[in-house]
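**Student:** For reference, the structure I am asking about is given below.
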2 protein chains.
Amino acid sequence: MALVTHGNSEFDRDTAVTRRAPGVYDAHLSAGWTIIQAVNGGYLLALMGRALGDALPHPDPLSVTAHYLTASVPGPAVIRTDVVRTGRTMSTGTASLIQFAEDGSEIERLRVLAAYGDLGTLSDDVRTTAKPPAIPPYEHCLGANDAPGGTTIPGSTAITERLDLRLDPETAGWAVGAPSGKGEMRAWFGLADGREPDPLSLLLTVDALPPTAFEMGLLGWVPTVELTAHIRHRPAPGPLRVAITTRNLAGGFLEEDAEVWDSEDRLVAQSRQLARAVLQG
Amino acid sequence: MALVTHGNSEFDRDTAVTRRAPGVYDAHLSAGWTIIQAVNGGYLLALMGRALGDALPHPDPLSVTAHYLTASVPGPAVIRTDVVRTGRTMSTGTASLIQFAEDGSEIERLRVLAAYGDLGTLSDDVRTTAKPPAIPPYEHCLGANDAPGGTTIPGSTAITERLDLRLDPETAGWAVGAPSGKGEMRAWFGLADGREPDPLSLLLTVDALPPTAFEMGLLGWVPTVELTAHIRHRPAPGPLRVAITTRNLAGGFLEEDAEVWDSEDRLVAQSRQLARAVLQG
């Protein structure tokens, strides 16, 4: 048995997995990363990323796709990985997150398909036309304690204690009942205990902001069907900026496109998820 | 054995698969959908989509992710599918595309993870802010025969005979040695034999335009690592408009974001791929 983790932060502790057999890992879904009663999808993605980083010969996630099959619950879980292909610069694998019903039967929560590589070996060539999001300075943005009632997310929200999330006031109107109507969400992002970002924690970052649907004036639940994250560069230390955009809400589905920028103005991650809009009223 | 196909178009004929056993399909990769010597990735995606549409209880691809593992070659292939989960409104499955080496050993070409549903049952609610691409009328755009030398793509290009592709002159400068330098490609898209679009053919459409890298002034090969397509609506009959954008070329990788709009101004598909930039000079 080998414990696969790095450092002693809350994030590293709660995404730790223990290798039980080749490709099979024991995990514990922490109640500390829940929104109301749901385990955050980005946290689950990082947990799966941790297991795949151990199972595959390359260290860094390049492209990670997760299908969210059933709602995870805090408690024990097993991750089963499978190596699809191993190349010189890249490897590909799958992972399944399994929990157990009271009668002991297996319930699959997530299925992941991912390509790993080594971000440290990439060329320094950058010809980007993307621009960092226009977001006010950190101190002008709104934290969980700035909202009426002490939280920016309705209901119980253990995850807000683990994140240092500061929303752009222009995209925080929903928290005071005045959504902008636009499908945009922007925030400064850090881990509350100061743990610096790395490729694994970016998998959490891409799915850690409140849903754009809130700012579109829609109340309800926005469960992720599928999320794909591309990690494009190892993030520099310091706070991240995250911008999420929804352009097409139609037929009960919407996409959320996320960009994550590091303190050196590098686009370090891009993601897109397809979510169902289960709306009230 | 059951032949799984629809209609008699080139597209339907060349994406036909034959069920050999539950979840296992024989296929033939047609040389008619190659660019230079590579089999087009969108054609392969549609072929996999055909098999999954038979293996899963729901008819339409909602979200399809493919990892391109090794280069496919025209000729026989086998598709193995596996059902991950079956729900009331959605089902999830995987598919592998296999070809065989001279010694008979298996080589996996593609691994796919996909969610299927029924686009016909979605609500009519549309709250989109996305706008169709600004593209000149069809008759002002450039077909394969309008380029010097008779083709807009260097090298042999069987696929151009199967597509009715008309490039926006603003994004066709690369074909005459004068690329715009922008990571944009826009075109009218149809199948040359007039076969109307459907959710399956959209899987071809999202990866059928010349790479944005050409218009960025980069010569070379842009192999797809991973592509995820979201099919958002059944397309109306008539020509499609496709807009592809690259914002971040960095570290030898680039993303291509595609949007497909139908003749009724509906955003019918979105896709993003991560590709390697294997550049010359």
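**Student:** Which is out of contact with any Gly (no Cβ under 8 Å at 6 or more places or on another chain) and over 30 Å from A:THR94 (Cα atoms), of B:LEU191, B:LEU163?
**Tutor:** Sole residue among the options that is out of contact with any Gly (no Cβ under 8 Å at 6 or more places or on another chain) and over 30 Å from A:THR94 (Cα atoms): B:LEU191.
**Student:** Please verify whether B:VAL260 is over 16 Å from the mean Cα position of the chain (by Cα) and more than 27 Å from A:ASP124 (Cβ to Cβ), treating the condition exactly as stated.
**Tutor:** No: the conditions fail for B:VAL260.
**Student:** Let me ask you something else. Taking the stated definitions as given, is B:ARG88 within 22 Å of A:ARG111 (Cβ to Cβ), among the charged types (D, E, K, R) and touching a residue at least 12 places away in the same chain (Cβ under 8 Å)?
**Tutor:** no
**Student:** Is there a residue in the range A:203-214 that is at pLDDT below 95 and in contact with an Asp or Glu (Cβ under 6 Å, 6 or more places away or on another chain)?
**Tutor:** The answer is yes, given that some residue of the range A:203-214 is at pLDDT below 95 and in contact with an Asp or Glu (Cβ under 6 Å, 6 or more places away or on another chain).
**Student:** Are any residues in the range A:127-136 outside any loop (DSSP other than H, G, I, E, B) and free of Cβ contacts under 8 Å to residues at least 60 places away in the same chain, and if so, which ones?
**Tutor:** The answer is A:ARG127, and nothing else.
**Student:** Scan the range B:50-80 residue by residue and report those that are within 12 Å of another protein chain (Cβ to nearest Cβ), of a type in the set (A, V, I, L, M) and either buried (at least 22 other Cβ atoms within 10 Å of the Cβ) or under 27 Å from B:HIS233 (Cα atoms) (or both).
**Tutor:** B:LEU62, B:VAL64, B:ALA66
**Student:** Taking into account only those residues within the range B:119-136 that are more than 8 Å from every other protein chain (Cβ to nearest Cβ) and of a type outside the set (A, V, I, L, M), which is most open to solvent (accessible area, probe 1.4 Å)?
**Tutor:** Per the stated criteria, the residue is B:LYS131.
**Student:** A further question on this structure: Taking the range B:82-107 only, how many residues are within 14 Å of another protein chain (Cβ to nearest Cβ) and either acidic (Asp, Glu) or within 23 Å of B:LEU227 (Cα to Cα) (or both)?
**Tutor:** The qualifying residues number 16.
**Student:** Here's another thing I want to ask about it. Can you list the strands (runs of 3 or more DSSP E) found entirely within the range B:172-281 that contain at least 1 residues being open to solvent by 50 Å² or more (accessible area, probe 1.4 Å)?
**Tutor:** B:184-191, B:240-245, B:267-276
**Student:** Further question: Criterion first (over 25 Å from B:GLY251 (Cα atoms), open to solvent by less than 10 Å² (accessible area, probe 1.4 Å), within 14 Å of another protein chain (Cβ to nearest Cβ) and not aromatic (Phe, Trp, Tyr)) does A:LEU110 satisfy it?
**Tutor:** yes
**Student:** State all residues of the range B:17-29 that are open to solvent by 20 Å² or more (accessible area, probe 1.4 Å) and among the small types (Gly, Ala, Ser); if no residue qualifies, say none.
**Tutor:** If the condition is that a residue be open to solvent by 20 Å² or more (accessible area, probe 1.4 Å) and among the small types (Gly, Ala, Ser), then B:ALA21 is the only one that fits.
Matching residues to (1) in contact (Cβ under 8 Å) with a residue 60 or more places away in the chain; (2) closer than 28 Å to B:ALA250 by Cβ; (3) among the hydroxyl-bearing types (Ser, Thr, Tyr):
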| position | (1), (2), (3) |
| --- | --- |
| B:THR171 | no, yes, yes |
| B:TRP174 | no, yes, no |
| B:ALA178 | no, yes, no |
| B:GLU184 | yes, yes, no |
| B:SER201 | yes, no, yes |
| B:ALA208 | yes, yes, no |
| B:ALA213 | yes, yes, no |
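**Student:** Looking only at the range B:7-46, how many residues end up being in contact with a Phe, Trp or Tyr (Cβ under 9 Å, 6 or more places away or on another chain) and within 13 Å of B:LEU200 (Cβ to Cβ)?
**Tutor:** 8
**Student:** Something else now. Looking only at the range A:102-144, which residues are of a type in the set (A, V, I, L, M) and at pLDDT 95 or above?
**Tutor:** Result: A:ILE107, A:LEU110, A:VAL112, A:LEU113, A:ALA114, A:ALA115, A:LEU119, A:ILE135.
Condition check ((1) touching a helix residue (DSSP H, G or I) at 6+ places or on another chain (Cβ under 9 Å); (2) within 20 Å of B:GLY117 (Cβ to Cβ)) across all residues:
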{"site": "B:ASN8", "(1), (2)": "no, no"}
{"site": "B:ARG19", "(1), (2)": "yes, no"}
{"site": "B:ALA27", "(1), (2)": "yes, no"}
{"site": "B:SER30", "(1), (2)": "yes, no"}
{"site": "B:ASN40", "(1), (2)": "yes, no"}
{"site": "B:LEU44", "(1), (2)": "yes, no"}
{"site": "B:ALA51", "(1), (2)": "no, yes"}
{"site": "B:HIS58", "(1), (2)": "no, yes"}
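**Student:** Something else now. Away from chain B (no Cβ under 14 Å) and touching a residue at least 60 places away in the same chain (Cβ under 8 Å): which single residue out of A:TYR43, A:TYR116 fits that description?
**Tutor:** A:TYR43
**Student:** What's the total number of residues in the range B:247-281 that are in contact with a helix residue (DSSP H, G or I) (Cβ under 9 Å, 6 or more places away or on another chain) and at the interface with chain A (Cβ under 8 Å from one of its Cβ atoms)?
**Tutor:** 2
The values are calculated or read from the model by the stated rules, or taken from the named source; none is laboratory data. These figures come from a predicted structure and were not determined experimentally. All Cβ positions, even for glycine, are placed from backbone atoms using ideal geometry, and neighbour counts span all protein chains on display. The area values use the complete protein model at the heavy-atom level, side chains included, leaving out ligands, DNA and RNA. Shrake-Rupley method; radii C 1.70, N 1.55, O 1.52, S 1.80 Å.
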